[in-house]
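Single-structure report; data block below.
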Amino acid sequence: MSSARSLAVLVCLVSFAVPPARAAERWIRLSTPHFEMYTTNGERQATAALQIFEQVRYFFLQNSSSKSAPDATVRIIAFRSEKEYKPYRLNGGAFAYYLRSRKVDYIVMQDISPEHYQTAAHEYTHLIVEHLGLKLPLWLNEGLADLYSSLEARGNQALIGRPLPGRMQELSEQRWLDLNTLFGVTEDSPYYNESDKMSIFYAESWALTHMLALGKGYQPAFMQFLGEAAARHPSAECLEKLYGKNPAQVMKELQRYVNQSSVKGAIYNVKLKSADLEPEVADAAPLQVDLALADLLASNKNTAAEAGARLARLAAAYPANADVAESLGYLAWQQGDTAKAKESFARAIEKGSRNPEMMLHDAQLLNASGTPPEQTIPVLEKAAKLKPADRDIWFLLGITEMNARQWGAALVALSHVDRVAPERAFPLFSAFAYCDVQLRRFEPARAMAGKAKQYAANSEQITQISNLLDYLDSVERSRPAVAPQESRSSAPPAGVPHEVPADRPLLVRTKNLQHVEAVAKSFECGGKTPRLHVIAGGREMTFELTDPTGIVVRNAPGGHFDFSCGMQKAFHVGVFYEPAPEGRKIDGTIRELAF
């Protein structure tokens, strides 16, 4: 599937009175690496339903063109009856729905009986479409969700495309919409909200998507059709362009397609990890349930007031709870009150929150409001310790440290970003280049600037990086020739892939590298291990050179520098070092020197 920007979340919500936050039923919580489910259903039934979600996730992960699925945990609220579900229903005909909030992705279901497993796959498809950024027309979005809802696990394979009996019955009993009407249905349309009209819209959307995706003469161009539709080209125009047929012609073929004796399916390989099919199960604490339901209400503008009232009661009952403060922050953010959101997030951190996603969101709000970077950096550093593999955290930390003029620290943070989405390629590579320039690392700066130039997307970015390259040219002309630095990786390919390799290793092979700009004081070479003494920030620091030949040397002729023993004639040096263990009388071990 091709990617664009994000798909609009379902928003046709109705007002209703909401009962108390928690009924008397027993709630349990099940969790796998990718999902958490709160439900009043039994453990066995809930486990089987959760396994369906994992199977669908792996199908998309292994068979979509992007080879990606959301990393963030998806929260499933699964009720046991229509009565329980009714206060949280989106509209009169919605048996289940997907909702994306600032805090978490939700899938909400009336029940999880086996005959409704297709609904689970349907709603998770909506989530995948949202995260892939496909801006699809409503009929195609729902048609895809129905197509993939037919997923049927067969060992290490999955069958897609089995006819849906309910949809077939609706097509045989109801009057069809002409395709132009189908293509024009929006989230405000009666065909999407009124139960007596929704069924034919869904049935016809499924049938047309099935024919385009799997039908003879249509399947080869379907991926291109998705790309054209995601680019917001009218559906009728896409049909004409790719198939040379107008809506009336396609309608005739669709009617024949639905009435034929058999249809084509597709089989895909799906290899699941057994650990993902064995969820952890526990009784859900009352506070957990209250927060989960309040957060769900907070994601709906029509029930935000009720969510606020619930969260206020919880805050009074649990004044020291970080999760309650965090939920209040997300509610405020959802309502556009960023000042209150920042205050609530700060309280959550003070109360011991260990949620790195919330810390990342807090840092984004702090940066957007002009908060000095020195106040934002500790938040991001805490988040990075909690989730060291998160590229988004390291990216924002690096950019924030660069804005604080902490050049070496910024390079270390950005070096953790091993892959980057295309829209971040220019900011990443240009940040590398800019920090390298500030540290007088001119050859690495030129390599990174060259990469950034290839991903410049507008005239402002082109001008910015051209000016930097011009500056590097002037530096090159003004200094004597030196031996070449170590070679750099080749430039990115001309086409922009789904993700771009950052293609820059860590400065050294360690995750906790630190950096200071200093003035050399003395070099101690009489002991077992040489030591360099420098003045940095008004104090003396001492560093060991445990492996002098293994230290990376930047911006020195020939790529090396010889210290003489004793006091040094003052010169500037950038020291990249690994901090010493607590209790040692040195500051660290040198890994790199920049002159």
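Reported to two decimal places, what Rg/Rh ratio describes segment 328-412 when computed on Cα atoms with Rh from the Kirkwood expression?
0.97
Just the projected area, averaged over all directions, of the convex hull on the alpha carbon atoms of segment 244-336: how many nm²?
Quarter of the Cα hull surface area: 13.5 nm².
Return one number: the angle in degrees, 0 to 90 and rounded to the nearest 10, between the long axis of the Cα atoms of helix 322-334 and the longest principal axis of the Cα atoms of the chain.
The answer is roughly 70 degrees.
Note the angle between two axes, namely the Cα long axis of helix 422-438 and the longest principal axis of the Cα atoms of the chain, as a number of degrees from 0 to 90, rounded to the nearest 10.
Helix 422-438 sits roughly 10 degrees off the main axis of the chain.
What is the angle, in °, between the Cα long axis of helix 138-149 and the longest principal axis of the Cα atoms in the chain? Nearest 10 is fine, range 0 to 90.
It is inclined by approximately 90 degrees.
Dividing the Cα convex hull volume of segment 181-262 by residue count, how many Å³ per residue is that?
95 Å³
Regarding segment 119-188, what are the three Cα extents along the principal axes, ordered largest first, in Å?
Here the spans come out as 40, 32, 15 Å, largest first.
Compare Leu254, Leu61 by solvent-accessible area with a 1.4 Å probe and give them largest first, with all protein chains kept in place.
Leu61, Leu254
What shape does segment 377-446 take by its C-alpha gyration tensor, where a ≥ b ≥ c are the square roots of the eigenvalues and a/c under 1.5 counts as rounded, a/b above b/c as prolate, and the rest as oblate?
Because a/c hits 1.5 or more and a/b fails to exceed b/c, segment 377-446 counts as oblate.
Considering only DSSP beta bridges with both partners in the chain, what is the antiparallel share in %, to the nearest 5?
Looking only at bridges with both residues in the chain, the antiparallel portion is about 75 percent.
Percent of Cα-Cα pairs more than 11 Å apart in segment 151-194, please.
Pairs farther apart than 11 Å: 76 percent.
Between Glu152 and Arg354, what FRET efficiency comes out of the Förster formula 1/(1 + (r/R0)^6) with R0 = 41 Å and r the beta carbon distance, rounded to 0.05?
Between Arg354 and Glu152 the formula returns 0.55.
Please tell me the relative contact order of the chain in percent, rounded to the nearest whole number, where contacts are Cα pairs under 8 Å and at least six residues apart.
10 percent
Hey, what's the Cα Rg ratio for segment 74-115 versus the globular rule of thumb, 2.2 N^0.38 Å?
Against the compact-globule rule of thumb, the ratio is 1.12.
Per DSSP H run of n ≥ 4, the term is -39500 (n - 2.57); total these for the chain, divide by its residue number, and report the mean residue ellipticity at 222 nm rounded to 500 deg cm²/dmol.
-14500 deg cm²/dmol
Over every pair of different alpha-carbon atoms in segment 100-239, take the mean of 1/r and invert it; report that Kirkwood radius in Å.
In segment 100-239 this quantity evaluates to 15.9 Å.
According to a simple spin-label model (label point 7 Å from Cα along Cα-to-Cβ), what is the distance in nm between Glu187 and Glu374?
4.3 nm
If you count only protein heavy atoms with a 1.4 Å probe, what accessible area per residue comes out for the chain, rounded to a whole Å²?
46 Å²
Can you give the three extents of the C-alpha atoms in the chain along their principal axes, from longest to shortest, in whole Å?
94, 62, 44
Using θ = phi - 60° and the Karplus relation 6.51 cos²θ - 1.76 cosθ + 1.60, list the HN-Hα couplings for segment 170-177 in order, rounded to whole Hz, with x at every Gly or Pro.
So the Karplus estimates, Gly and Pro as x, are 5, 5, 7, 9, 10, 6, 6, 7 Hz.
Assuming 0.36 nm per residue, please report the length gained on full extension of the stretch Lys528 to Ser466 beyond their Cα-Cα distance.
Between Lys528 and Ser466, full extension yields an extra 17.4 nm.
What percentages make up the Cα-Cα pair-distance distribution of segment 107-149 when the bins are 5 Å wide from 0?
All Cα pairs considered, the percentages come to 6, 24, 29, 22, 12, 6, 1.
Using a 1.4 Å probe and counting only protein heavy atoms, arrange Thr589, Thr400 so the residue with the most accessible area comes first.
Thr589, Thr400
When the accessible area of the chain is computed with all protein chains present and a 1.4 Å probe, what percentage of it is carbon and sulfur?
C and S fraction of accessible area: 50 percent.
The values are calculated or read from the model by the stated rules, or taken from the named source; none is laboratory data. Nothing here was measured: the structure is a model prediction, and the numbers come from that model. Neighbour counts are summed over all protein chains in view; Cβ atoms, including those assigned to glycine, are modelled from backbone coordinates with ideal geometry. Just so you know, the surface numbers come from the protein's heavy atoms only, side chains and all, with ligands and any DNA or RNA stripped out. Shrake-Rupley method; radii C 1.70, N 1.55, O 1.52, S 1.80 Å.
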